[in-house]
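Remarks on the structure that follows.
The values are calculated or read from the model by the stated rules, or taken from the named source; none is laboratory data. Because the structure is a prediction, the values reported are computed rather than measured. Note that each Cβ is placed from the backbone with ideal geometry, even for glycine, and that neighbours are counted across all protein chains shown. Each accessible area value is taken on the protein alone, full model and side chains, heavy atoms only, with ligands, DNA and RNA left out. Shrake-Rupley method; radii C 1.70, N 1.55, O 1.52, S 1.80 Å.
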Amino acid sequence: MSKVQISRFQIVLALIWSTLGTAIITLPPAIAQFTVRDGWIVSLLFAVGGLLSASVAALFVHALPNRSLTSGLIHALGPRLGRVFGLWFLVWLYLINSTILRRVELFVGTTILPQTPEYLLGFAGMIAVSYAVYMGAEVVMRNGEFITPLAFIVAPVLFGLSLQHVDVHQLMPVLADGWKPVLRGAVTPDLTFALELLIGLQFVQALRNSRTLPKDMIIAAGILTVAATVITVITIGVVGQSANYLAYPVLEAVRSIRVGRNLERLDTLYVMAVMSTILIKLAVFHYAWCEGMKDVFKLSSHRIVALSGGLLVWAGSVACFGSQEEVIHFTIFVAPAYFVVTLVGIPLLTVMVMAFRKRAQR
(Lines give C-alpha, C1' and ligand atoms only; values in the text may rest on other atoms or scores of the structure.)
Protein backbone atom coordinates (compact mmCIF):
# COMPACT_ATOMS: atom_id res chain seq x y z
CA MET A 1 0.00 0.00 0.00
CA SER A 2 1.40 3.38 -0.98
CA LYS A 3 2.27 5.67 1.88
CA VAL A 4 0.78 8.78 0.29
CA GLN A 5 -2.86 8.09 -0.48
CA ILE A 6 -5.17 9.63 2.09
CA SER A 7 -5.29 13.29 3.11
CA ARG A 8 -6.33 14.57 6.52
CA PHE A 9 -9.59 15.85 5.08
CA GLN A 10 -10.40 12.41 3.70
CA ILE A 11 -9.65 10.54 6.93
CA VAL A 12 -11.76 13.01 8.95
CA LEU A 13 -14.70 12.53 6.59
CA ALA A 14 -14.25 8.76 6.68
CA LEU A 15 -14.30 8.75 10.50
CA ILE A 16 -17.37 11.01 10.62
CA TRP A 17 -19.46 9.08 8.12
CA SER A 18 -18.31 5.70 9.43
CA THR A 19 -19.50 6.55 12.93
CA LEU A 20 -22.62 8.46 11.94
CA GLY A 21 -23.74 5.79 9.47
CA THR A 22 -25.11 3.38 12.05
CA ALA A 23 -25.22 5.74 15.04
CA ILE A 24 -28.06 7.78 13.55
CA ILE A 25 -30.37 4.74 13.50
CA THR A 26 -29.00 2.84 16.51
CA LEU A 27 -28.24 5.40 19.22
CA PRO A 28 -31.66 7.11 19.60
CA PRO A 29 -33.54 3.88 20.47
CA ALA A 30 -30.56 2.61 22.52
CA ILE A 31 -30.44 5.79 24.58
CA ALA A 32 -34.23 5.87 24.92
CA GLN A 33 -34.15 2.56 26.80
CA PHE A 34 -32.58 4.41 29.73
CA THR A 35 -33.61 8.06 29.32
CA VAL A 36 -35.60 10.13 26.84
CA ARG A 37 -35.80 13.69 28.16
CA ASP A 38 -32.08 13.79 28.98
CA GLY A 39 -30.95 12.00 25.84
CA TRP A 40 -29.29 15.18 24.56
CA ILE A 41 -26.96 15.10 27.60
CA VAL A 42 -25.96 11.56 26.61
CA SER A 43 -25.08 12.88 23.14
CA LEU A 44 -22.85 15.55 24.67
CA LEU A 45 -20.97 12.85 26.57
CA PHE A 46 -19.95 11.34 23.22
CA ALA A 47 -17.00 13.74 23.37
CA VAL A 48 -15.60 11.76 26.32
CA GLY A 49 -15.36 8.61 24.25
CA GLY A 50 -13.86 10.60 21.40
CA LEU A 51 -11.09 11.92 23.66
CA LEU A 52 -10.42 8.38 24.88
CA SER A 53 -10.02 7.19 21.29
CA ALA A 54 -7.70 10.09 20.43
CA SER A 55 -5.57 9.38 23.52
CA VAL A 56 -5.16 5.71 22.63
CA ALA A 57 -4.32 6.66 19.04
CA ALA A 58 -1.73 9.20 20.19
CA LEU A 59 0.04 6.62 22.36
CA PHE A 60 -0.01 4.00 19.62
CA VAL A 61 1.22 6.33 16.88
CA HIS A 62 4.00 7.60 19.14
CA ALA A 63 5.16 4.08 20.01
CA LEU A 64 4.72 2.61 16.51
CA PRO A 65 4.86 5.38 13.91
CA ASN A 66 3.78 4.57 10.36
CA ARG A 67 2.38 1.16 11.32
CA SER A 68 -1.20 -0.01 11.19
CA LEU A 69 -2.72 -1.74 14.18
CA THR A 70 -2.25 -5.27 12.83
CA SER A 71 1.30 -4.69 11.57
CA GLY A 72 2.13 -2.95 14.84
CA LEU A 73 0.91 -5.95 16.83
CA ILE A 74 3.18 -8.28 14.86
CA HIS A 75 6.14 -5.92 15.16
CA ALA A 76 5.76 -5.35 18.90
CA LEU A 77 4.60 -8.76 20.13
CA GLY A 78 6.49 -10.96 17.70
CA PRO A 79 5.30 -13.02 14.74
CA ARG A 80 3.47 -15.64 16.83
CA LEU A 81 1.90 -13.76 19.71
CA GLY A 82 1.33 -10.74 17.49
CA ARG A 83 -0.64 -12.83 15.03
CA VAL A 84 -2.73 -14.30 17.87
CA PHE A 85 -3.82 -10.80 18.90
CA GLY A 86 -4.15 -9.91 15.23
CA LEU A 87 -6.60 -12.77 14.78
CA TRP A 88 -8.60 -11.46 17.75
CA PHE A 89 -8.80 -8.09 16.02
CA LEU A 90 -9.79 -9.70 12.72
CA VAL A 91 -12.58 -11.67 14.40
CA TRP A 92 -13.81 -8.44 15.97
CA LEU A 93 -13.79 -6.71 12.59
CA TYR A 94 -15.65 -9.61 11.02
CA LEU A 95 -18.41 -9.47 13.64
CA ILE A 96 -18.68 -5.70 13.32
CA ASN A 97 -18.90 -5.91 9.53
CA SER A 98 -21.60 -8.56 9.83
CA THR A 99 -23.50 -6.37 12.29
CA ILE A 100 -23.25 -3.31 10.02
CA LEU A 101 -24.50 -5.26 7.02
CA ARG A 102 -27.35 -6.75 9.06
CA ARG A 103 -28.39 -3.27 10.16
CA VAL A 104 -28.58 -1.99 6.60
CA GLU A 105 -30.57 -5.09 5.58
CA LEU A 106 -33.08 -4.52 8.37
CA PHE A 107 -33.31 -0.78 7.77
CA VAL A 108 -33.85 -1.01 4.02
CA GLY A 109 -36.20 -3.97 4.39
CA THR A 110 -38.30 -2.12 6.95
CA THR A 111 -38.46 1.29 5.29
CA ILE A 112 -38.58 0.94 1.49
CA LEU A 113 -38.35 -2.71 0.36
CA PRO A 114 -40.47 -4.77 2.77
CA GLN A 115 -41.28 -7.43 0.14
CA THR A 116 -37.66 -8.07 -0.85
CA PRO A 117 -35.77 -10.83 1.01
CA GLU A 118 -33.24 -9.24 3.34
CA TYR A 119 -30.43 -11.56 2.28
CA LEU A 120 -30.77 -10.29 -1.29
CA LEU A 121 -30.45 -6.71 -0.08
CA GLY A 122 -27.32 -7.62 1.86
CA PHE A 123 -25.84 -9.48 -1.09
CA ALA A 124 -26.30 -6.54 -3.45
CA GLY A 125 -24.86 -4.09 -0.95
CA MET A 126 -21.86 -6.26 -0.15
CA ILE A 127 -20.99 -6.75 -3.84
CA ALA A 128 -20.84 -2.97 -4.28
CA VAL A 129 -18.77 -2.56 -1.12
CA SER A 130 -16.37 -5.34 -2.12
CA TYR A 131 -15.78 -3.70 -5.50
CA ALA A 132 -14.97 -0.36 -3.84
CA VAL A 133 -12.55 -2.09 -1.45
CA TYR A 134 -10.95 -3.98 -4.33
CA MET A 135 -10.25 -0.67 -6.10
CA GLY A 136 -8.31 0.61 -3.10
CA ALA A 137 -8.34 3.10 -0.24
CA GLU A 138 -8.65 6.09 -2.59
CA VAL A 139 -12.03 4.92 -3.89
CA VAL A 140 -13.29 4.19 -0.38
CA MET A 141 -12.32 7.67 0.80
CA ARG A 142 -13.71 9.46 -2.27
CA ASN A 143 -17.14 8.03 -1.53
CA GLY A 144 -17.14 10.09 1.66
CA GLU A 145 -16.09 13.19 -0.25
CA PHE A 146 -18.88 12.65 -2.76
CA ILE A 147 -21.77 12.62 -0.28
CA THR A 148 -20.45 15.48 1.88
CA PRO A 149 -21.76 18.32 -0.38
CA LEU A 150 -25.11 16.51 -0.63
CA ALA A 151 -25.26 16.21 3.16
CA PHE A 152 -24.69 19.96 3.55
CA ILE A 153 -27.76 20.52 1.38
CA VAL A 154 -30.13 17.84 2.65
CA ALA A 155 -29.36 17.87 6.40
CA PRO A 156 -30.12 21.58 7.04
CA VAL A 157 -33.36 21.29 5.06
CA LEU A 158 -34.57 18.27 7.04
CA PHE A 159 -33.51 19.66 10.40
CA GLY A 160 -34.88 23.12 9.65
CA LEU A 161 -38.28 21.82 8.58
CA SER A 162 -38.42 19.49 11.60
CA LEU A 163 -37.99 22.41 14.00
CA GLN A 164 -41.59 23.53 13.37
CA HIS A 165 -42.79 20.41 15.24
CA VAL A 166 -40.31 20.58 18.14
CA ASP A 167 -41.85 20.95 21.61
CA VAL A 168 -39.21 22.05 24.10
CA HIS A 169 -41.39 20.82 26.95
CA GLN A 170 -40.49 17.27 25.85
CA LEU A 171 -36.96 18.04 27.13
CA MET A 172 -38.10 19.18 30.58
CA PRO A 173 -37.41 18.82 33.43
CA VAL A 174 -33.66 18.34 33.05
CA LEU A 175 -32.11 15.54 35.15
CA ALA A 176 -35.40 14.84 36.91
CA ASP A 177 -34.25 11.24 37.47
CA GLY A 178 -30.66 12.12 38.31
CA TRP A 179 -27.44 11.19 36.50
CA LYS A 180 -27.74 7.42 36.70
CA PRO A 181 -30.00 6.95 33.61
CA VAL A 182 -27.83 9.41 31.68
CA LEU A 183 -24.59 7.63 32.53
CA ARG A 184 -26.14 4.25 31.79
CA GLY A 185 -27.37 5.50 28.45
CA ALA A 186 -23.91 6.91 27.67
CA VAL A 187 -22.23 3.49 27.86
CA THR A 188 -23.13 2.49 24.30
CA PRO A 189 -22.22 5.83 22.65
CA ASP A 190 -18.94 6.26 24.54
CA LEU A 191 -17.68 2.68 24.65
CA THR A 192 -18.97 1.50 21.28
CA PHE A 193 -19.50 4.16 18.66
CA ALA A 194 -16.90 6.63 19.91
CA LEU A 195 -14.26 3.89 20.03
CA GLU A 196 -14.99 3.09 16.39
CA LEU A 197 -12.87 6.15 15.59
CA LEU A 198 -9.86 3.94 16.34
CA ILE A 199 -10.46 2.14 13.04
CA GLY A 200 -8.29 4.95 11.74
CA LEU A 201 -5.26 3.08 13.11
CA GLN A 202 -5.65 0.59 10.25
CA PHE A 203 -5.09 3.46 7.79
CA VAL A 204 -1.92 4.83 9.39
CA GLN A 205 0.34 3.53 6.64
CA ALA A 206 -1.74 5.31 4.01
CA LEU A 207 -1.64 8.71 5.72
CA ARG A 208 0.75 11.43 4.67
CA ASN A 209 1.54 12.21 8.31
CA SER A 210 0.44 9.57 10.80
CA ARG A 211 1.09 11.80 13.82
CA THR A 212 -1.86 14.02 12.89
CA LEU A 213 -4.31 11.13 13.30
CA PRO A 214 -5.13 11.88 16.99
CA LYS A 215 -5.93 15.50 16.10
CA ASP A 216 -8.11 14.33 13.23
CA MET A 217 -9.96 12.04 15.64
CA ILE A 218 -10.62 14.97 17.98
CA ILE A 219 -11.97 17.02 15.06
CA ALA A 220 -14.22 14.15 13.98
CA ALA A 221 -15.40 13.57 17.57
CA GLY A 222 -16.25 17.25 17.99
CA ILE A 223 -18.30 17.34 14.79
CA LEU A 224 -20.05 14.10 15.69
CA THR A 225 -20.89 15.38 19.18
CA VAL A 226 -22.53 18.49 17.77
CA ALA A 227 -24.40 16.52 15.10
CA ALA A 228 -25.58 13.87 17.57
CA THR A 229 -26.79 16.51 20.03
CA VAL A 230 -28.75 18.40 17.37
CA ILE A 231 -30.31 15.19 16.05
CA THR A 232 -31.23 14.02 19.56
CA VAL A 233 -32.77 17.36 20.58
CA ILE A 234 -34.92 17.52 17.43
CA THR A 235 -35.95 13.86 17.67
CA ILE A 236 -36.97 14.06 21.33
CA GLY A 237 -38.70 17.39 20.75
CA VAL A 238 -40.80 15.89 17.94
CA VAL A 239 -41.61 12.32 19.02
CA GLY A 240 -41.22 12.74 22.80
CA GLN A 241 -41.66 9.65 24.94
CA SER A 242 -42.60 7.67 21.85
CA ALA A 243 -38.87 7.25 21.22
CA ASN A 244 -38.92 4.61 23.94
CA TYR A 245 -40.65 2.09 21.68
CA LEU A 246 -40.04 3.34 18.13
CA ALA A 247 -37.53 1.36 16.08
CA TYR A 248 -36.34 4.45 14.15
CA PRO A 249 -37.24 7.64 16.07
CA VAL A 250 -35.30 9.94 13.71
CA LEU A 251 -37.22 8.56 10.75
CA GLU A 252 -40.52 9.31 12.50
CA ALA A 253 -39.35 12.86 13.19
CA VAL A 254 -38.60 13.37 9.50
CA ARG A 255 -41.95 11.86 8.50
CA SER A 256 -43.71 14.52 10.55
CA ILE A 257 -42.58 17.24 8.12
CA ARG A 258 -45.45 18.87 6.28
CA VAL A 259 -45.17 22.09 4.28
CA GLY A 260 -48.42 23.09 2.64
CA ARG A 261 -50.29 20.46 0.66
CA ASN A 262 -47.57 19.28 -1.67
CA LEU A 263 -44.33 19.02 0.31
CA GLU A 264 -44.28 15.93 2.52
CA ARG A 265 -42.78 12.44 2.84
CA LEU A 266 -39.22 13.76 2.90
CA ASP A 267 -38.21 10.59 4.71
CA THR A 268 -37.06 9.29 1.32
CA LEU A 269 -34.12 11.70 1.51
CA TYR A 270 -33.34 10.50 5.01
CA VAL A 271 -33.40 6.83 3.96
CA MET A 272 -31.07 7.55 1.04
CA ALA A 273 -28.68 9.42 3.32
CA VAL A 274 -28.61 6.61 5.86
CA MET A 275 -28.02 3.98 3.19
CA SER A 276 -25.13 5.99 1.73
CA THR A 277 -23.38 6.52 5.06
CA ILE A 278 -23.81 2.90 6.16
CA LEU A 279 -22.31 1.64 2.91
CA ILE A 280 -19.38 4.03 3.38
CA LYS A 281 -18.90 2.69 6.89
CA LEU A 282 -19.04 -0.87 5.64
CA ALA A 283 -16.45 -0.08 2.96
CA VAL A 284 -14.09 1.51 5.51
CA PHE A 285 -14.37 -1.40 7.94
CA HIS A 286 -14.19 -4.03 5.21
CA TYR A 287 -11.04 -2.42 3.81
CA ALA A 288 -9.51 -2.40 7.30
CA TRP A 289 -10.38 -6.09 7.63
CA CYS A 290 -8.82 -6.97 4.28
CA GLU A 291 -5.67 -5.02 5.17
CA GLY A 292 -5.51 -6.86 8.48
CA MET A 293 -5.85 -10.18 6.67
CA LYS A 294 -2.94 -9.17 4.44
CA ASP A 295 -0.72 -8.38 7.45
CA VAL A 296 -1.62 -11.42 9.55
CA PHE A 297 -1.51 -14.02 6.77
CA LYS A 298 1.31 -12.42 4.71
CA LEU A 299 -0.77 -11.87 1.60
CA SER A 300 0.58 -9.91 -1.33
CA SER A 301 -2.44 -7.60 -1.52
CA HIS A 302 -5.73 -6.91 0.20
CA ARG A 303 -7.48 -7.48 -3.13
CA ILE A 304 -7.07 -11.24 -2.75
CA VAL A 305 -9.72 -11.35 -0.02
CA ALA A 306 -11.87 -8.35 -1.03
CA LEU A 307 -14.60 -10.32 -2.82
CA SER A 308 -14.37 -13.63 -0.97
CA GLY A 309 -14.22 -11.78 2.35
CA GLY A 310 -17.27 -9.77 1.35
CA LEU A 311 -19.23 -12.94 0.69
CA LEU A 312 -18.10 -14.29 4.06
CA VAL A 313 -19.37 -11.13 5.76
CA TRP A 314 -22.67 -11.46 3.91
CA ALA A 315 -23.05 -15.03 5.14
CA GLY A 316 -22.17 -13.95 8.69
CA SER A 317 -24.78 -11.19 8.69
CA VAL A 318 -27.49 -13.77 8.08
CA ALA A 319 -26.08 -16.54 10.28
CA CYS A 320 -24.98 -14.51 13.33
CA PHE A 321 -27.93 -12.12 13.66
CA GLY A 322 -31.31 -13.54 12.89
CA SER A 323 -33.41 -10.56 13.96
CA GLN A 324 -33.25 -6.91 14.93
CA GLU A 325 -33.57 -7.84 18.61
CA GLU A 326 -30.32 -9.81 18.42
CA VAL A 327 -28.54 -6.87 16.82
CA ILE A 328 -29.81 -4.51 19.53
CA HIS A 329 -28.83 -6.95 22.29
CA PHE A 330 -25.31 -7.25 20.87
CA THR A 331 -24.96 -3.47 20.53
CA ILE A 332 -26.14 -2.58 24.04
CA PHE A 333 -25.04 -5.46 26.23
CA VAL A 334 -22.08 -7.12 24.47
CA ALA A 335 -20.36 -4.52 22.30
CA PRO A 336 -19.18 -2.04 25.01
CA ALA A 337 -16.95 -4.53 26.86
CA TYR A 338 -15.89 -6.19 23.59
CA PHE A 339 -14.88 -2.83 22.10
CA VAL A 340 -12.94 -1.74 25.19
CA VAL A 341 -10.89 -4.95 25.25
CA THR A 342 -10.23 -4.89 21.51
CA LEU A 343 -9.76 -1.20 20.75
CA VAL A 344 -8.32 0.03 24.04
CA GLY A 345 -6.78 -2.96 25.81
CA ILE A 346 -4.89 -4.47 22.86
CA PRO A 347 -3.36 -1.19 21.57
CA LEU A 348 -2.33 -0.15 25.10
CA LEU A 349 -0.77 -3.58 25.64
CA THR A 350 1.21 -3.09 22.44
CA VAL A 351 2.36 0.35 23.59
CA MET A 352 3.49 -1.05 26.95
CA VAL A 353 5.45 -3.85 25.28
CA MET A 354 7.19 -1.39 22.96
CA ALA A 355 8.08 0.86 25.90
CA PHE A 356 9.51 -2.11 27.80
CA ARG A 357 11.54 -3.23 24.78
CA LYS A 358 12.99 0.24 24.25
CA ARG A 359 13.94 0.49 27.91
CA ALA A 360 15.55 -2.97 27.79
CA GLN A 361 17.59 -1.96 24.75
CA ARG A 362 18.87 1.12 26.54
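Just one residue in the set SER308, SER276 is polar (S, T, N, Q) and within 20 Å of the chain's Cα centre (by Cα); that residue is SER276. Restricting attention to the range 208-218, the residues that are within 16 Å of the chain's Cα centre (by Cα) and open to solvent by 80 Å² or more (accessible area, probe 1.4 Å) total 1.
Residue-wise test of (1) small (Gly, Ala, Ser); (2) out of contact with any Phe, Trp or Tyr (no Cβ under 8 Å at 6 or more places or on another chain).
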{"site": "ASN209", "(1), (2)": "no, yes"}
{"site": "LYS215", "(1), (2)": "no, yes"}
{"site": "THR229", "(1), (2)": "no, no"}
{"site": "GLN241", "(1), (2)": "no, yes"}
{"site": "ASN244", "(1), (2)": "no, yes"}
{"site": "ALA253", "(1), (2)": "yes, yes"}
{"site": "ASP267", "(1), (2)": "no, yes"}
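Here is the figure for the range 248-267: residues that are surrounded by 10 or more Cβ atoms within 10 Å (Cβ to Cβ) and at pLDDT below 70 total 2. State whether one or more residues within the range 15-27 are open to solvent by less than 10 Å² (accessible area, probe 1.4 Å), small (Gly, Ala, Ser) and closer than 19 Å to ALA206 by Cβ. Looking through the range 15-27, at least one residue is open to solvent by less than 10 Å² (accessible area, probe 1.4 Å), small (Gly, Ala, Ser) and closer than 19 Å to ALA206 by Cβ.
Is there a residue in the range 343-361 that is farther than 29 Å from VAL61 by Cα and either part of a helix (DSSP H, G or I) or without any contact (Cβ under 8 Å) to a residue 24 or more places away in the chain (or both)?
Residues of the range 343-361 that are farther than 29 Å from VAL61 by Cα, as a first pass: none.
No, that holds for no residue.
Within the range 91-111, how many residues are touching a Phe, Trp or Tyr at 6+ places or on another chain (Cβ under 9 Å), open to solvent by 10 Å² or more (accessible area, probe 1.4 Å) and closer than 23 Å to LYS298 by Cβ? So the answer is 1. Answer yes if at least one residue in the range 19-32 is at pLDDT below 95, over 21 Å from the mean Cα position of the chain (by Cα) and farther than 20 Å from VAL284 by Cβ, and no otherwise. For the range 19-32, residues at pLDDT below 95, over 21 Å from the mean Cα position of the chain (by Cα) and farther than 20 Å from VAL284 by Cβ: absent.
For the range 47-68, the set of residues classified as within 20 Å of LYS294 (Cα to Cα) and either open to solvent by 10 Å² or more (accessible area, probe 1.4 Å) or of a type in the set (Asp, Glu) (or both) consists of PRO65, ASN66, ARG67, listed by residue number.
Could you check, for the range 32-42, whether at least one of its residues is within 26 Å of MET293 (Cα to Cα), of a type outside the set (D, E, K, R) and assigned to a helix (DSSP H, G or I)? Within the range 32-42, not a single residue is within 26 Å of MET293 (Cα to Cα), of a type outside the set (D, E, K, R) and assigned to a helix (DSSP H, G or I). Scanning the range 120-149 for residues that are more than 25 Å from ARG208 (Cβ to Cβ) and either open to solvent by 40 Å² or more (accessible area, probe 1.4 Å) or among the aliphatic types (A, V, I, L, M) (or both) yields a count of 9. Pairs needed: first member in the range 69-90, farther than 17 Å from PHE339 by Cβ; second member anywhere, at pLDDT below 95 and not in a helix (DSSP H, G or I); C-beta distance under 7 Å; at least 6 residues apart or different chains. Note: pairs meeting the criteria are GLY72/LEU64; HIS75/LEU64; HIS75/ARG67; ALA76/LEU64. Among residues of the range 270-321 being polar (S, T, N, Q) and within 26 Å of GLY78 (Cα to Cα), the one that is most open to solvent (accessible area, probe 1.4 Å) is SER300. On inspection, THR350 does not qualify as of a type in the set (S, T, N, Q) and under 19 Å from the mean Cα position of the chain (by Cα).
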